[in-house]
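S.K.: Just dropping this structure here.
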Amino acid sequence: MSLSTLVTSPSLRRRTFLSGSAALGASLILPSGLRAQTPKTGGRFRMGMSEANSTDTLMPGAIVGSMTHLINGSIRNCLIELSPAGELVPELAESWETADAKTWSFKIRQGVEFHNGKTLTPADVVYSLNLHRGADTSSAGKSVMAAATDVKVDGDRVTIVLDQANIDFPSFLTDDNFVIVADGATAEELAAGGAGTGGYSVGRFNPGIDFVGVRNPNYWKEGRAHFDEIELIGIPDPNARMNALMGGQVDAINKPEDKTLALLASAPGVNVVSIPSMKHLIFAMRTDVAPFDNPDVRLALKHAIDREAILNTVLRGNGALGNDQPIGPANQFFDASIPQRTYDPEKAKFHLQKAGLSNLEVELSAADGAWAGAVDAATLYAEHAKAAGIDIKVAREPNDGYWSNVWMKKPWFASWAAGRVSENLMMTLTYSADAKWNETFWNNARFNELLVASRAEADTKKRAEMMSEMQLLIRDDGGSVIPAFANWNLALSDKVGHGEIAGQWDNDARRCTERWWFV
């Protein structure tokens, strides 16, 4: 029984690569305390998952929530993988190269089979990337692939031509929107999982209930996918997840509440890990809906929250202060010189007056299915805002269906984002005007101009200046109230072995089923 906090190392900071190395090593990188452990094959790994919804789908580009993200990472691969240290690692692409950061060539790995026995070809890659292109696609990856003017097979390679240079483009392809599926797979097949190239094939998928994966005996990665079977069980209630682990019904749980970490750590046979991350918690305002279409109303609400109280009370200090923009200290172009916004009811009143208001009444939708503690944080926020003459009515929403019925539907709602090692990718996916996940419906012409221009800027100093201005624009004009960056929390049976746990996304960067084993 132990509580471990893994400190983000400097190596988590993004490293830009214009060409990839040729081979994926078979060995695992283990922290010193685990080097004596040898991964073993076998067993049925059971994990209790938050954010399981009856509307869940496995369609690439439409996956929302930790359970379906983990399923996606269990059954499919991307062209490029992120190592736990944040480095770009060849996956289905053996290597990549460019002469101008505009035309990219990816050599596709040979000898890889889909679960149905089909051999991976460059045509599969072209088909998969084209799922996110075109006027009719509803994919969250559309805002990235819209820059591709051509995606074509070139022998054993795939060539992608962009409309403008983008030195970050390989890191964009680590995002699990861009998993590779079989050429010609139908939307119905993909929504149910279909045949992937990952460590596990689909045995059963009941949206919002459970998933069973069966180990792929022909998995091309040596030293990965150790379990015979994996079972992911939807348990949205955090107390029920905790009790299932402590009672031995599951071997691990994701997103245990910060207030329960000490209790879990004291339980026999349970290990708790809290990992600093780029994950940020959000109260997102739709800037296309009154009163949030007024920038002074947005600023009033940003000054009316006590971020330190949220961090210390709800997160129990397991995180860092947010500053109403999505780029954090682990990012290369994080601008630490931007002043930290503090709780200031008088400034909130000032901006209300500029908006022509003496007081304000608004509704904030929240559910613990959005993030553990969201309802408590919203309630605390409402208390903070009273001093500024702002009456926040907290609407407690059902966990089931939150991401389809509340997120981006209600005018103001709790949300979160995992963060990305590429600042440009993070902002492209969630703040560009045409992004499917632009949850605040924000459209700032200067920001959109900088977002495109910064992709081609090779001068690091100039690029940092662009990134700084974009962070300021989101902070001061955008619709996101971001109180904190939260640690990724996991609780595991001490029978589960693992190497270095990645902090880029939840659940060991959505690869825990592939990277972990029973000791």
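S.K.: Of Ser105, Met278, Ala185, which is farthest along the charge dipole of the chain in the positive direction, counting Lys and Arg as +1 and Asp and Glu as -1 at C-beta?
M.R.: The residue sitting farthest along the positive end of the dipole is Met278.
S.K.: Sort the following peptides by mean Cβ neighbour count (other Cβ atoms within 10 Å, averaged over residues), highest first: 462-470, 203-211, 109-117.
M.R.: 462-470, 203-211, 109-117
S.K.: With charges set only on the Cβ (+1 for Lys and Arg, -1 for Asp and Glu), what does the dipole of the range 378-464 come to about its Cα centre, in debye to the nearest 20?
M.R.: Its charge dipole is roughly 100 debye.
S.K.: Any idea what the relative contact order of the range 318-388 is, in percent, if you count C-alpha pairs under 8 Å spaced at least 6 apart?
M.R.: Relative contact order here is 24 percent.
S.K.: Listed here are the pairs Lys347/Lys436; Lys255/Lys462; Lys255/Lys354; Lys349/Lys436; Lys354/Lys386; Lys142/Lys393; which of them are more than 29 Å apart at the Cα?
M.R.: Table pairs above 29 Å Cα-Cα are Lys347/Lys436; Lys255/Lys462; Lys255/Lys354; Lys349/Lys436; Lys142/Lys393.
S.K.: Please identify the helices of the chain, taking whole runs of DSSP H, that span at least 15 Å along their own axis as judged from the Cα atoms and have a mean Kyte-Doolittle score of -1.0 or higher.
M.R.: Result, helices passing both filters: 374-386, 445-456, 460-477.
S.K.: Right, another one. Sticking with the crude label model, points 7 Å out along Cα→Cβ, report the distance from Ser337 to Phe441 in nm, one decimal please.
M.R.: Going from the Ser337 label point to the Phe441 one covers 3.6 nm.
S.K.: Calculated from DSSP H runs of 4 or more alone, at -39500 (n - 2.57) each and per residue, what is the 222 nm mean residue ellipticity of the chain, nearest 500?
M.R.: Result for the chain: -7000 deg cm²/dmol, rounded to the nearest 500.
S.K.: Normalised by the residues of the chain, what does the relative contact order come to in percent, with Cα pairs under 8 Å and at least six apart?
M.R.: Worked out over the chain, it gives 23 percent.
S.K.: Please compute the contact order of the range 323-434 in relative form: average sequence separation of alpha-carbon pairs under 8 Å and at least six residues apart, divided by the residue count, as a percent.
M.R.: 28 percent
S.K.: Rank by packing, highest mean first: peptides 452-461, 303-312, 47-56, with packing defined as the count of other Cβ atoms within 10 Å averaged across residues.
M.R.: The densest-packed peptide leads the list: 47-56, 303-312, 452-461.
S.K.: Here are some values of volume of the Cα convex hull per residue in Å³: (i) 129; (ii) 214; (iii) 181. Which one was computed from this structure?
M.R.: Label of the calculated value: (i).
S.K.: Here is a follow-up. Given 0.36 nm per residue, what is the gain on full extension from Ala309 to Ala456 after removing their alpha carbon distance, in nm?
M.R.: Result: 48.9 nm gained on full extension.
S.K.: In terms of the ratio Rg/(2.2 N^0.38 Å) built on C-alpha atoms, what value belongs to the range 71-130?
M.R.: 1.21
S.K.: Nearest 20 debye, what's the magnitude of the dipole of the chain about its Cα centre given +1 on Lys and Arg Cβ and -1 on Asp and Glu Cβ?
M.R.: 680 debye
S.K.: Now, a different point. Report the label-to-label distance for Leu321 and Glu222 in nanometres (one decimal), using points 7 Å from each Cα along the Cα→Cβ vector.
M.R.: So the label points at Leu321 and Glu222 sit 5.0 nm apart.
S.K.: Continuing with the same structure: Looking at Leu58, Pro84, Gln164, which one has the Cα that reaches farthest to the positive end of the dipole of the range 50-180 (charges on Cβ: Lys, Arg +1; Asp, Glu -1)?
M.R.: Leu58
S.K.: Now a separate question. Which of rounded, prolate, oblate describes the range 240-399, given a ≥ b ≥ c as roots of the alpha-carbon gyration tensor eigenvalues and a/c under 1.5 marking rounded, otherwise prolate only if a/b is larger than b/c?
M.R.: prolate
The numbers here are math on the coordinates, done by the rules we state, and not lab data. Keep in mind it's a predicted model, so treat the numbers as computed, not measured. All Cβ positions, even for glycine, are placed from backbone atoms using ideal geometry, and neighbour counts span all protein chains on display.
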